[in-house]
């Protein structure tokens, strides 16, 4: 297991992404920030904190559970569904989805379905800590912390203090085929 | 868990995990579109050989909220009235490609027989005077939401225990979750061998009123002969009916529950049913969430080998 991003670097990319979001959307008035459970949630909360500081108005992050929307529900172990909690209406707003790792794109597809059941956003943008490639669907991120080329068998783990006890990104060789 | 037939053999951990998941699904039901695609492509059959309003509708709503398709069977309008046997009826419905069956039947044990004949999960939606497991789950969820836990609570189940599958399921679930259960009713409607159950019994409702957290009223089941073993409905109402005078003598945080359908003016007073301390409608709402949890447990996601 090797570390590819330190706590300091994770903080830095979070701040950069927050600034990019403000620049791209001309402020934060029209945006709703939504973290995909589990680790998109702390990422969204951290982006929200920076956004609130730089724009001087509070941004309330939401959370989105996509467990029931997965296309591989029949083949994975059952997990409990988490709370979907979005503090504002998403109708007509720009929703910024936040997640830890962008890999196949299937999680994001499920998240787009879940959002559709909550309302009709004006636009949806995607912010991720790590883009590791290997897409299986035509999906891309708007804001990327770091592009990390990986082998398919490798495992990328983004960790957050509030869930994992430490901040940073690690890569595990995984099982070689 | 392959079937849900009875509350007798469920341990505390299983009950609590089902209630936790039901709480999760209760949140789904508050979303703008209260529907998730978890059971898309699955078909659920409601096989109700005995009349039902709330249980059947609640299961259908739960299945649809999980995006399953539903088919339903009613004896009056089916080939059963042409003499088709129970076994042929359920085999026929199974052959149409259903993934799970919810069975209500007047005969005790019918869901077990069907579970032997078929290779799909069966949920007991009420068999005779025996068991009604999802009712017990929704009752326990409602109590848990109100009090945080059933541990240490005292619950009086009042009325026609003898004919009540609700009581038989509730007793096991509530005591497994740590509550103390007192059965209250005329001796002709109480079990003959109460010492075989984890309960205490009394025929005097008034003496337990100030000692209970929950008064759970059972319906007087006139269709199962429930009214033939006491002198009159009016006398029953006087001795065992939850009226406003008795409501006032409960502890301030105690609540009143009823599985429905209610006989207002008999076991529950007209005003009591609509009182803030009556959880009757919350029970109905919770019924959908617990049935979603059970359906998802039985046919959602990867199945236990």
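Of the numbered criteria (1) at the interface with another protein chain (Cβ under 9 Å from one of its Cβ atoms); (2) surrounded by 20 or more Cβ atoms within 10 Å (Cβ to Cβ); (3) touching a strand residue (DSSP E or B) at 6+ places or on another chain (Cβ under 6 Å), the one residue A:35 fails is (1).
For every residue, the table says whether it meets (1) under 25 Å from residue A:69 (Cβ atoms); (2) not in a helix (DSSP H, G or I).
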residue	(1), (2)
A:12	no, no
A:15	no, no
A:20	no, no
A:23	no, no
A:38	yes, yes
A:43	yes, no
A:47	yes, no
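In the condition set (1) within 14 Å of another protein chain (Cβ to nearest Cβ); (2) at pLDDT 95 or above, residue A:114 is compliant with all but (2). Based on what the data block shows, is residue A:51 free of Cβ contacts under 8 Å to residues at least 60 places away in the same chain and assigned to a loop (DSSP other than H, G, I, E, B)? Answer is no for this residue. Restricting segment A:117-138 to residues that are touching a helix residue (DSSP H, G or I) at 6+ places or on another chain (Cβ under 7 Å) and surrounded by 17 or more Cβ atoms within 10 Å (Cβ to Cβ), which is farthest from the other protein chains (Cβ to nearest Cβ)? Among them, the one singled out is A:129. Of all the residues in segment A:44-53, those that are surrounded by 15 or more Cβ atoms within 10 Å (Cβ to Cβ) and either within 14 Å of another protein chain (Cβ to nearest Cβ) or over 22 Å from residue A:130 (Cα atoms) (or both) number 1. In segment A:20-27 there is no residue matching the filter, namely being in contact with a strand residue (DSSP E or B) (Cβ under 7 Å, 6 or more places away or on another chain), crowded, with 16+ Cβ neighbours inside 10 Å and under 24 Å from residue A:166 (Cα atoms).
Among the candidates A:141, A:110, A:114, the residue that is touching a helix residue (DSSP H, G or I) at 6+ places or on another chain (Cβ under 9 Å), surrounded by 15 or more Cβ atoms within 10 Å (Cβ to Cβ) and under 21 Å from residue A:24 (Cα atoms) is uniquely A:141.
Among the residues examined, residue B:166 does not qualify as closer than 24 Å to residue B:280 by Cβ and either in a loop (DSSP other than H, G, I, E, B) or not assigned by TED's automatic domain parsing to the domain that holds residue B:264 (or both). What about residue B:56, is it surrounded by fewer than 17 Cβ atoms within 10 Å (Cβ to Cβ) and either closer than 30 Å to residue A:113 by Cβ or modelled with pLDDT under 95 (or both)? Against the criterion (surrounded by fewer than 17 Cβ atoms within 10 Å (Cβ to Cβ) and either closer than 30 Å to residue A:113 by Cβ or modelled with pLDDT under 95 (or both)), residue B:56 does not qualify. Residues in segment B:139-151 that are closer than 15 Å to residue B:171 by Cβ and either assigned to a loop (DSSP other than H, G, I, E, B) or assigned by TED's automatic domain parsing to the domain that holds residue B:42 (or both): 1 in all. One residue alone among B:298, B:281 is more than 14 Å from every other protein chain (Cβ to nearest Cβ) and out of contact with any helix residue (DSSP H, G or I) (no Cβ under 8 Å at 6 or more places or on another chain), and that residue is B:281. Any chance segment A:61-84 includes a residue that's modelled with pLDDT of 90 or more and surrounded by fewer than 19 Cβ atoms within 10 Å (Cβ to Cβ)? Taking every residue of segment A:61-84 in turn, none turns out to be modelled with pLDDT of 90 or more and surrounded by fewer than 19 Cβ atoms within 10 Å (Cβ to Cβ). Residues considered: B:38, B:62, B:79, B:68. Of these, the only one that is within 27 Å of residue A:116 (Cβ to Cβ) and either within 20 Å of the chain's Cα centre (by Cα) or more than 14 Å from every other protein chain (Cβ to nearest Cβ) (or both) is B:62. Looking only at segment B:250-305, count every residue that is part of a strand (DSSP E or B) and free of Cβ contacts under 8 Å to residues at least 24 places away in the same chain and tell me the total. Within segment B:250-305, residues that are part of a strand (DSSP E or B) and free of Cβ contacts under 8 Å to residues at least 24 places away in the same chain number 2.
Restricting attention to segment A:83-105, the residues that are touching a strand residue (DSSP E or B) at 6+ places or on another chain (Cβ under 7 Å) and within 11 Å of chain B (Cβ to nearest Cβ) add up to 5. Contact annotation: residue pairs with Cβ atoms under 7 Å, 6 or more positions apart or on different chains, pairing a residue in segment A:1-12 that is touching a residue at least 24 places away in the same chain (Cβ under 8 Å) with a partner that is not in a strand (DSSP E or B), are A:4/A:148; A:7/A:167; A:10/A:167. Taking the criterion of being part of a helix (DSSP H, G or I) and within 17 Å of residue A:115 (Cα to Cα), the residues of segment A:54-75 that qualify are A:67, A:68, A:69.
The values are calculated or read from the model by the stated rules, or taken from the named source; none is laboratory data. Given the structure is predicted, the values throughout are model-derived calculations rather than measurements. We place every Cβ from the backbone using ideal geometry, glycine too, and count neighbours over all the protein chains shown.
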